[in-house]
Structures are given as C-alpha cells and as structure tokens.
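The values are calculated or read from the model by the stated rules, or taken from the named source; none is laboratory data. These numbers come from a predicted model, not from an experiment. Cβ placement follows ideal geometry from the backbone for every residue including glycine, while neighbour counts extend to all protein chains displayed.
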Amino acid sequence: MSGVKQTFTGNRALVLEEALIFEIGVTSKCGVDLEPVPETPSMLGDCGAKQAVNLPGLSEPEAMRHYVRLSQKNHSIDAGLYPLGSCTMKHNPRLNEKMARLPGFGDIHPLQPQASVQGALQLMDDLAHWLKTLTGMPEVALSPKAGAHGELCGMMAIRAAIEAKGELDSRKRVLVPESAHGTNPATAALLGFKVDGIPANADGRVDLAAFKEKLQENGGTDVAAIMLTNPNTCGLFERDIIEIADALHAVGGYFYCDGANFNAIVGRVRPGDLGVDAMHINLHKTFSTPHGGGGPGSGPTVLSERLAPFAPLPYVEKSDEGYRLVEDANQTDAPSFGRMVAFHGQMGMFVRALSYMMSHGSDGLRQVAEDAVLNANYVLARLQDVMSAPFNGPCMHEALFDDSFLKDTGIDTLDFAKAMIDEGYHPMTMYFPLVVHGAMLIEPTETESKATLDLFIATMRDLVAGAKAGDLDRFKQAPELAPRRRLDETQAARNPVLRWQAECHEAQAAE
Amino acid sequence: MRYLPLTPADRQSMLATMGAASIDDLFVDVPGAAQRDGLVDLPRHQSEMQVERQLSHMAGKNMTASSVPFFCGAGAYKHHVPATVDHIIQRSEFLTSYTPYQPEITQGTLQYLFEFQTQVCELTGMPVANASMYDGSTAAAEAVLMAHRVTRKSRAVLSGRLHPHYTAVIENLSEMGGFTLAQSACAPAPTNGDELIAMIDDDTSCVVIQNPDFFGNVADFSALAQQVQNKGCLLIAVVPEVMSLGLIKRPGDMGADIVVGEGQSLGNGLNFGGPYVGLFAAREKHIRQMPGRLCGETVDADGNRGFVLTLSTREQHIRRDKATSNICTNSGLCSLAFTAHMTLLGGEGLRQLGQINHARAVQLSQSLGALEGVTLMTSAFFNEFSVRVSRPADAVVNELAEKGVLGGVPAARLLPDAGLDDVLIIAATEVNTEEDIAAYAAAMQEVLS
Amino acid sequence: MSKKFTKDHEWISLDGDVATVGITAYAQEQLGDVVFVEVPEAGQKVAQGDDAAVVESVKAASEVYAPLSGEVVQGNPALEATPELVNQSPDDEGWFFKMTMTDAGELDDLMDEAAYDAFVKELG
C-alpha cells in the first residue's frame, strides 16, 4: 500500500489482521468445560462414527479475541450512517435485545403444552393486532421468516384464492414494474406465473395508461396479480395507486404490495385503504429488529378479507379460554394454503418488534415516518444542485440519484461509492433500481441527527467536486484506508474457493 | 422520544431549507382519501420501564425450559450455549451491520461465514456448503427444488419418517410450483428404505430421508443411497439435530447428494421456534444450482487474502425471474452463534458433548423403559427416542407438565391422524442431570398408575 | 459468407451447413469479466429466438439466443475451464456453439457487419 507504513505483523495499531480458525486452533482444544461421559452402553446401532470431526477448537480467551478482531473490520449502524436505500438501516434499540432474552420468551420450546406458553401466544396475538391496525388489514400471517418469504406467502395466498375460484389455468400473468426488487419476479416465477413488465412514466411512477393497456390485453381475465412496491423503489409514492387497485380488482386480479418501504408511511397511511390485498412487512426494516450481518429477518404478511381464509398455518386464535395455536388443517374450516415453515415463525424478532412498537406507540410511529421523509428530502434538497436526481418533486423516505452528474469524469457509481468508504461512510445502495443508469439510492432513516446529515451532505459535495475536478486517484484507488482494498470478484467467481482446505491453504501459507 | 434525534428546531430549519411550509407538503403525493389525520388506534409511546414491565409480565406466564426437568425435542433442542457466544453476537459490529455487499468494510462478517461454511462441510462430510438458510424445513424444500433442476424431473419421494412440519413445507412449495410428490407410510419402527426405492418412477428426481428420523431412529443409510443413485435420483438427507453429527456417521460419507439440516442446537436457544439456522451442503458439480448466499475467498488489490459473496448470479437480485430461489437473506447472526459455539467446542469437544447427550438419553430410556406402561420403541438413537405409553400421550404430557416436568412431544400433535396417539417422543441432552431423569421417571410412574 | 449479426449482439458465421455462434466484442465489453458460460448440448433443437446459452459475469447473467432455428451440433468445450476466452477472443476462440439450420431464409432477418456497426453506434 503506497504511502502507508509497513509493519512486521501487518497490523495497523487498533486494526488487527486475524487468521482463520483452521490456522489457529486444533481439534483437541476446547473452550467449553464438559462433564465426564456417563458410563452407559452404546445404542447407536450401526451408525456410530469412528472419530471426531476434523474441526479446530479454541480456548475461551482465544475465541473471544478471534471474534472481537473480526468485528472490528465491520461497519455497523452503531458506528455510523448506513444510507442504504430500501434497507431502512435505523438504530436497533437494546431494550429489544433485553426483552427477547427474557427466559419466558427465549427459553421456551415451540411444542411444549400450549397451556404452558400462554404469554408467548399472547405476544404473537398482540403483535398481530399492532400490524393489522397499522396497515388497516383484517388478517396477518406471522410465520414467514424474511421479507422474500413474506412475498412468497402473499403470492401463495393469491394463487390459492385464484385456484379456489377455478381460474388458475387462465390467470397466469403477473404484472411487475421494471423498477421492482429482484425478489418480486423471482417469487412470481417460482409459483408458475408469467412475469409481464410494466413501464414507468417520466415521473418515475407506474405509467397508468400503459398499465391499463397491459391489463386489458386479453380482456383482463388472464391477470392474476400486480406486484407493486409503494412507496416505489425510486422512493416515490405511486399517486395513481388507488386507481390501479380499482382497475385491477375490476378484472378480478389481486394486489400484492411489497412493504419494504413502509417506513415512509407508517402511522400516516394504511395500505388497506389503498386497495392492497397482501403486503409483507420487514420487521428488520420498519420495526428496528437488527440486520445481524444478513439475517435473521422476519416477514409477517397482512392479508385482505378476500385472502384471509387462505392464510398459512399456524396462527394464533384468541378466545375466552385463552390463546390457542391452530397448527393443523383439521383444527379449522378455513382453506389454509398450507404451512410455510416448521414451528411458528421468528418469535425472537416478534418480541423485538413489539418492544419497539410499544416504545414508539401510535404517536411515535407517525413521527418516525415524518422524520424519515424529512431526512431524505433534506438530503435531496441539499444535493440536487450538484448531483443528478432523475425525478422532480419531493421524495418519500429515500432519495434517488443517477450517474449523469459524473458524465465525462471517468468515474462511475462504483468508484464514487468506494471513495465514500475512505470518508467513513458505508456506500448508499448502488445500481438499484435498474430503471435509471448507475443508480444511487440514499435512505438516511429517522434515527440520524441533523448534524450527521450535514456532515454527510458536506462530504458528498466534496466528493462531487473532486470528481468534477478530475481527481481520479481519490476514486479509482479507493478504498485505500479500509481493512481491505477492492477485492477480485472475478477470481472468486471463476475459481470458487468456498471452504478452507488443509492441502491448498497450507501450501498458500508456506509461500 | 428516545429513538428520534431530530428536535422541533431541527425540523423547522430543515423544512425551511427545502422551502416546505410543513411536513404535510412532503406527503403531497398521497391521495387525500388515503391520508389519515389522526393517530391509529393504538397505545401511545411508553418509556423503557413501562415496556419492560408489560413484557416481563407476559414472559412470566410461560414455563421456561431451565426451570423444570425438560425433555422436549422434535426438531428443536435445548443445549447449553456458552456465555461467550451470546456476548459475541451482541457486539455492535455484528448485530447492527448489514449484508456484506461492500466487502472492504465487512470482512468480519465474510470471514466468519467462510469459517461457518467450512464447518458445515466438515460436519456433514460434503465438499460445499452455503452461508445458511432460514431453517431446516425451508432448506429441505429448497433441496427438493434443486434436485428437480439438476435432474430436470418433477417428482420427489419423501420418507414417511420426516418431521411432519418439514413434509408440510415441502408439500406446500411443491404444489405451488407445479411439482408432485409421494410419501411412504409413517411408523415409529425403523426401516431400511426398501419401500422408498419401490416408489421411484421415471419422473422422480430425489428421495428425501431424515437421520435421526422424527422418532429418533438412526441408521447407516449407505446402501439406500447407492440404490437411489442407481435409479438416477439424488439422495437428500435431512439432519434435524446437528449435534448428532459429532457422534454418528456423516451423511456425506454415507453417500448423500444434498444434505440439509437444522443448526439451532449449536449457539441458538429454543426461542419458541425461531430464529433458527438452516444448513445446506451439496456436491461440487451442483454448485451453480445451489440456493442461498455463498462466501468465497479471493485477494484484494494489494494481494492480501480477503472474502466476498460470490456466484451471486444464481440469486434473485441478478437473475430475477430465472433465479434458483427467491431467497434474499441468510440467517446472519444465528450462523455467527453457530460458528462461534462450534469454534469453542472443536471436533473432539463436539464428540464428547455428543457422547454425553447419548448417554443421558440411554439412561432416560432405561429409567422410563423399566416402568410399567412404558415401552421403548427405538433401538438405535442419538439423543431422542420414542416410547409407547399406556394412556393417550397428549394427556400424559399435560399431566406431567402439571407435575412440573416437560416430558416430550406427543407424536399426535404433529401427526394427528396416524394412529400414534400413544406415542411420545422424548429428547435428553447435556442439560439434563440424573436428578432430572429420576424426577421424570417418578412423575411418569404417577401419571400412568 | 461474411458474418451476420443480431440485435442481441450475437454473430453467426457459416461454414457449409454448420453455423458457428458467438457474442460480439461490444457485448463482452458490456458484460465485463466473464466468469461462467453455460452452452447447449449437442442434439438440442432450437427455434429462432429461443434461449440457447447463458453467459455470466460477476454482476450480471445474460441469455444468448439462437439466431436461427435448427439443431445444436456442439457447445464450445473450452469455455468451461476458460470462460475468459469470451473476453479475450469473442470473435474467434470464444465461440459459444455450432448448429445446423433448418431455414436458410432466416439469415435474411439478420444484419450484416456494416448494419451492426451502425446499430451499435446508435446505442451510444
């Protein structure tokens, strides 16, 4: 690395290099004190393994050091702004963690007698009530394990409803805007539907006339559903959404809404009032459950009156005798479409989300949406003179830019993003949505202070100035200060090395 | 409000900057009919103290596994999770970070995923594993879809001894995707799988078995794997209790083509059913048909070793309607808990832990089997077995609970119409003491007399 | 016969009965580093416009369509081990597959080199 002091260890003061556990530990080391094995006959049949699995162990101090050092190489919300559009990287309250770890929630088995877990079923029912009230929908399926899983749930309910009417063979088309998140067409295709793209208008919204034309292509009787995100992936509210829903319902189709952007409207707008039939909610976005480096998520899906009967198993029912879990088809007359996952859903995330909802309350949640929208518009207003926003007018909770402001600089969206890393920021969402060139989608969320935004804005302005002044190195060489420089993703894909192996890696170390 | 940094003065100043009179100006695109002027009908904000009070009260109504002799399994197991593990997953940089799409500033996450993948490979005896799925049941369903893609066929044969929830999830995804399946009869007695071979036809892509099975039976299924492959099908092996892999033969060594499982037993508490962590491992030649995230090794611009998410073109954000799956997340923090716990144990520690589990289960099976009215039905098991009791098992379990023992899961709870009303599935792990076992036997004797 | 081109940036070169199909230099530049190619198997029958192959870079995967109707004779075996041939030699060694034609008339639908160059220029 040019200009940076080289050290013997490769360490740089507080940022430490860390080897793989396979290079540090040995199979016989153990960081857990285990009791002696009681003397009993073996009842393993012919299935006993002859030797231990070849995996290293570490003592507790070594293990702690290993993971703490790894953690130091990660950016996190707790450390700084994460302006990732469509991800809603808001603060993750620690009260949520404390509540989820109450033994009464964390240390109970999903199949112990229901009489012994009435408090857990009550929590699920309370969460369901909050979600239904906030969305204005009569039913909710809690079991989907993540947003994409919730999408699957919503579309499965729609498919089940269509099948119940005997229209599954004719209704094969699902209309999806070109700006949609990749999970939308992936989900539709998985269920055997044919995906038909809807173009956007110059305003970044669904082209209403083009939509109606697409809808009526075969008299409308071949349309199963539309999958819309609202606010959409450009950060804009679909103004014509009620008309879209009405036109769709008139031909017998169903409205699936991707709820990834619910943070912009929670407490102010209810998707049920917009004509939505199914909408998944990302608890790890709008409701603050932690992203955890990629999961676990949770994707409860609200359902309209028409879809409610098909809700998946299990669900919680409340009666005078208490709470009961409906787990099997023979416990209900409703034509549930089946089961999506073992057990009951992401209880750990339910506790966290309810703790958050109760903390904010109806007034706080409305303020969340307002501050989220305010923060995004503030960023838009103070950057749009130097960066290029493709659509006019206010945005919702996220601000979209394209790369035309970088034209003729020799710097692209990727280079710009990598330079942000050296400035201490995680880059914004890049190259999504696909409808603009070199997209940059910025979602600050409501948990960022004005001071943080001001510094972010100033930094972005400085980067733009640098790009326009031809300061190529600042971008092309970036990042220079992160624990790693740009990584060779081509090599990773051409010659995948997906696990550590003694033969290859020891030879590597010897070099 | 403690989570909102903006002050009223901030808001005014920011609105003024953008020339907006009020926040309502920014919601101008929302149709009037959809705007709500008042608050939704839910309680207003509350302090930490108030929230804690209410949720603690709710939690207090539940009987916790640590408070009584506890013997429930059936796909979720109580093990001791070292304090270190829970501490590691609460570090800010793990808890509050995002998917590692910007690898330069997420090497922490990427390295532990690489270690996790390696561990899953070694545990299962398979050459490649992904960075986790939601849970064992969805991993199993995805494995079936993958088998259909690889063989270009559309029918699956399922063992009747799969966890019933896993069967239901596979059925659901199959039916919705236009595939078919058949399932062998369900019975607690072990089988060599001949009935599954007999069910294979020209359109069958895979046979799905579980080891240990739903009733606890363990067996060497190498011969079955061979027969399945001779018929041109893939063998999918489901592992519901990952801790068993410390002591029993690895599914990869027994010839499985795809191995899926539930990793909850390592690092993750019971949590009333979620979040858990799905394991997915396969053969090299099928790598491009694998669902889920994959972390791979590479170098950076300075030649230093680093890690990145790779082979992303299988995934939804690139292939869109031609993706191998619609999955978008892995189980992140749960996989970190898994890998940290496995690292603390090491291979020999895991083996010893497995031996303790097995010994406790053997002791329990002997104590209960000696009672009048209890018949042991499983002759080869890891830490879970089934018994036939002389009264309906659900009544037995409820009465045991009243006596302060959580004695297992009645088979009929998950298989209500299978004639298994008197079958009880019981697990024992390292958390159970000899006192627990004695207490259970005593309580059972009372309940059955 | 000189090379012909499609709007999806494929080239076809005819040698007697057998047509060789690849992607153009412009296409591989747009894709970036090619990491994987899936070629069709010998015997596969295709109609004009059908999906015939897939070419993957790190960030994108693109379909390669059959420019003509016919039957695949062979997929390029070298591309499995060396997908980078598509970047290094798109017009020659990086060919994707060879096929026989069922309707020579379909060739008329395709662009010649001059027309293709003009088409690419317009894409900007």
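Quick look at the numbers
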read-out	value
Search result, residues across the stretch A:39-69 that are under 20 Å from A:TRP500 (Cβ atoms) and assigned to a helix (DSSP H, G or I)	A:GLU62, A:ALA63, A:ARG65, A:HIS66, A:TYR67, A:ARG69
Positions within the stretch A:399-443 being of a type in the set (Gly, Ala, Ser) and free of Cβ contacts under 8 Å to residues at least 60 places away in the same chain, in sequence order	A:SER404, A:ALA417, A:GLY438, A:ALA439
Of all residues making up the stretch B:1-27, the number that are more than 7 Å from chain A (Cβ to nearest Cβ) and either within 30 Å of A:ARG101 (Cα to Cα) or in a loop (DSSP other than H, G, I, E, B) (or both)	6
Checking A:GLY147 against (1) out of contact with any Phe, Trp or Tyr (no Cβ under 9 Å at 6 or more places or on another chain); (2) more than 7 Å from chain B (Cβ to nearest Cβ); (3) not hydrophobic (A, V, I, L, M, F, W, C), the condition it does not meet	(2)
Of all residues in the stretch A:331-366 being more than 7 Å from chain B (Cβ to nearest Cβ) and free of Cβ contacts under 8 Å to residues at least 40 places away in the same chain, the one that is farthest from A:GLY295 (Cα to Cα)	A:ASP333
Subset tally (residues that are surrounded by fewer than 24 Cβ atoms within 10 Å (Cβ to Cβ), within 7 Å of chain A (Cβ to nearest Cβ) and in a helix (DSSP H, G or I)) for the stretch B:64-91	3
The stretch A:141-177 - residue that is of a type in the set (D, E, K, R) and in a loop (DSSP other than H, G, I, E, B) and, of those, surrounded by the most Cβ atoms within 10 Å (Cβ to Cβ)	A:LYS145
Close pairs from the stretch A:269-282: first more than 9 Å from chain B (Cβ to nearest Cβ) and surrounded by fewer than 24 Cβ atoms within 10 Å (Cβ to Cβ), partner among the charged types (D, E, K, R) and not in a loop (DSSP other than H, G, I, E, B), Cβ under 7 Å, at least 6 apart	A:GLY275/A:ASP246
Failed criterion for A:PHE262 (all others in (1) under 22 Å from A:GLU443 (Cα atoms); (2) in contact with a strand residue (DSSP E or B) (Cβ under 7 Å, 6 or more places away or on another chain) hold)	(2)
Selection status of A:GLY80, part of a helix (DSSP H, G or I), in contact with a Gly (Cβ under 8 Å, 6 or more places away or on another chain) and modelled with pLDDT of 95 or more	no
Among the residues listed as A:PRO61, A:PRO38, A:PRO56, the single one being facing another protein chain (nearest Cβ under 7 Å) and farther than 22 Å from B:ARG360 by Cβ	A:PRO56
Sole residue being surrounded by fewer than 19 Cβ atoms within 10 Å (Cβ to Cβ), more than 13 Å from chain A (Cβ to nearest Cβ) and touching a helix residue (DSSP H, G or I) at 6+ places or on another chain (Cβ under 8 Å), chosen from B:ALA156, B:ALA198, B:ALA185	B:ALA185
Residue list for the stretch A:15-28, filter: modelled with pLDDT under 95 and at the interface with chain B (Cβ under 7 Å from one of its Cβ atoms)	A:GLY25, A:THR27, A:SER28
Qualifying residue in the stretch B:129-152 (condition: part of a strand (DSSP E or B), over 20 Å from the mean Cα position of the chain (by Cα), among the aliphatic types (A, V, I, L, M) and buried (at least 24 other Cβ atoms within 10 Å of the Cβ))	no
Which numbered condition A:HIS91 misses (of (1) crowded, with 23+ Cβ neighbours inside 10 Å; (2) part of a loop (DSSP other than H, G, I, E, B); (3) within 7 Å of chain B (Cβ to nearest Cβ); (4) touching a residue at least 24 places away in the same chain (Cβ under 8 Å))	(1)
Breaking point among (1) at pLDDT below 95; (2) surrounded by fewer than 24 Cβ atoms within 10 Å (Cβ to Cβ), for A:GLY295	(2)
Where A:ASN96 falls short, out of the listed (1) within 7 Å of chain B (Cβ to nearest Cβ); (2) outside any loop (DSSP other than H, G, I, E, B); (3) closer than 26 Å to B:SER47 by Cβ	(1)
Selected residue [in a helix (DSSP H, G or I), more than 9 Å from every other protein chain (Cβ to nearest Cβ) and not small (Gly, Ala, Ser)] from B:LEU353, B:LEU364, B:LEU420	B:LEU364
All positions within the stretch A:417-437 that are surrounded by fewer than 19 Cβ atoms within 10 Å (Cβ to Cβ) and under 18 Å from A:ARG474 (Cβ atoms)	A:ASP422, A:GLU423, A:GLY424
Number of positions in the stretch C:1-12 that are among the polar types (S, T, N, Q) and closer than 19 Å to C:ASN87 by Cβ	0
Test: residue in the stretch B:389-401 that is within 13 Å of chain A (Cβ to nearest Cβ) and more than 23 Å from B:GLY75 (Cβ to Cβ)	yes
Of all residues making up the stretch B:287-309, the number that are crowded, with 23+ Cβ neighbours inside 10 Å, facing chain A (nearest Cβ under 7 Å) and among the aliphatic types (A, V, I, L, M)	2
Checklist (1) free of Cβ contacts under 8 Å to residues at least 40 places away in the same chain; (2) facing another protein chain (nearest Cβ under 7 Å); (3) within 23 Å of the chain's Cα centre (by Cα) applied to A:GLY119, failing item	(3)
Flag if A:SER86 is at pLDDT below 95 and over 30 Å from A:TYR323 (Cβ atoms)	yes
Residue in the stretch A:9-26 that is surrounded by the most Cβ atoms within 10 Å (Cβ to Cβ), counting only those that are under 11 Å from A:LEU58 (Cβ atoms) and of a type in the set (Val, Ile, Thr)	A:ILE21
The stretch A:473-497 residues that are more than 9 Å from chain C (Cβ to nearest Cβ) and of a type in the set (Phe, Trp, Tyr), paired with ones that are in a loop (DSSP other than H, G, I, E, B) and buried (at least 19 other Cβ atoms within 10 Å of the Cβ) (beta carbon under 7 Å, 6 or more apart)	A:PHE475/A:ILE411
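The rows are residues; the columns are (1) in contact with a Phe, Trp or Tyr (Cβ under 7 Å, 6 or more places away or on another chain); (2) farther than 30 Å from B:ALA301 by Cβ; (3) outside the structural domain of A:ALA482 (by TED's automatic domain parsing).
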position	(1), (2), (3)
A:VAL4	no, no, yes
A:THR7	no, no, yes
A:LEU20	yes, no, yes
A:SER28	no, yes, yes
A:PRO36	no, yes, yes
A:THR40	no, yes, yes
A:ASN54	no, yes, yes
A:SER59	no, yes, yes
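Residue-wise test of (1) at pLDDT below 95; (2) closer than 30 Å to B:ARG44 by Cβ.
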| position | (1), (2) |
| --- | --- |
| A:LEU111 | no, no |
| A:SER116 | no, no |
| A:GLY147 | yes, yes |
| A:ILE162 | no, no |
| A:GLY182 | yes, no |
